[in-house]
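**Q** Here it is, the structure, as structure tokens.
Each value in this text was obtained by applying a stated rule to the coordinates, not by laboratory testing. What you see is a predicted model, and the numbers here were worked out from it, not measured in a lab. Every residue, glycine among them, receives a Cβ derived from its backbone with ideal geometry; neighbour counts consider all protein chains shown.
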């Protein structure tokens, strides 16, 4: 990839593994300095940061629970002090608590909305002042095919991801004249930890395989590179569904 993001700072929430780690590597390969957020997987996040630095990039690890307002504010301060004002935000942090309708609890629902949806709101609000000041920003939210389909995790997960896409459109409409784009990527059945032990799901994919985290990262980079695209959701489903 080219060095077209040289001088830019990116923050990726939930960046220690899977899709988040692939996005961190892609941003660094394009020249951005990357802040890798995690809540508990600090060792894995440090490994990703070490790989980036080894290849000549810039990366730091910022541990924080992005579902908590004060933790987000402190994280933004640390990233700004370490790498500079944030130009690119990728809201990737999320949880997937698999529950049937009869097993789903209020606690499951609240926790899922808090981590998958409220965290994106908190992080977006926190980075907007500096993006607005420079009239440039890219925000990409990692949604899911479950935002529009039934999925296999549960209705609480569907609701959190559908809400995330609504949040995407709401911010995009209000920031379009300020040089800030807001988009989403909605992957389905990607080969990550979430899919481990479920090879039978491949039969649902017309393409015949799981997607890769790197393919999701490519879609994120397309949105980061494109100044004319905002309020959109890019779906990656291997042919299971079409927009």
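**Q** Need the C-alpha centroid separation for region 30-71 versus region 163-186, integer Å.
**A** 24 Å
**Q** Please report, largest first and rounded to whole Å, the three semi-axes of the ellipsoid equivalent to the chain, where each semi-axis is the square root of five times an eigenvalue of the C-alpha gyration tensor.
**A** 27, 20, 19
**Q** If each of residue 201 and residue 106 carries a label point 7 Å out from its Cα toward its Cβ, how far apart are those two points in nm?
**A** It is 3.0 nm.
**Q** Kirkwood hydrodynamic radius of region 115-240 from all distinct Cα pairs, in Å?
**A** Every distinct Cα pair counted, the radius reaches 15.3 Å.
**Q** Return 58, 156 ranked ascending by Cβ neighbour count within 10 Å, so the fewest neighbours appear first.
**A** Lowest count first: 58, 156.
**Q** Using a 10 Å cut-off on Cβ atoms, rank the peptides 94-100, 210-216 from the highest mean neighbour count down.
**A** In decreasing order of mean packing, 94-100, 210-216 become 210-216, 94-100.
**Q** Normalised by the residues of the chain, what does the relative contact order come to in percent, with Cα pairs under 8 Å and at least six apart?
**A** Here the relative contact order equals 18 percent.
**Q** If packing is taken as the mean number of other Cβ atoms within 10 Å per residue, what is the order of 22-33, 172-183, highest first?
**A** Top of the packing list down: 22-33, 172-183.
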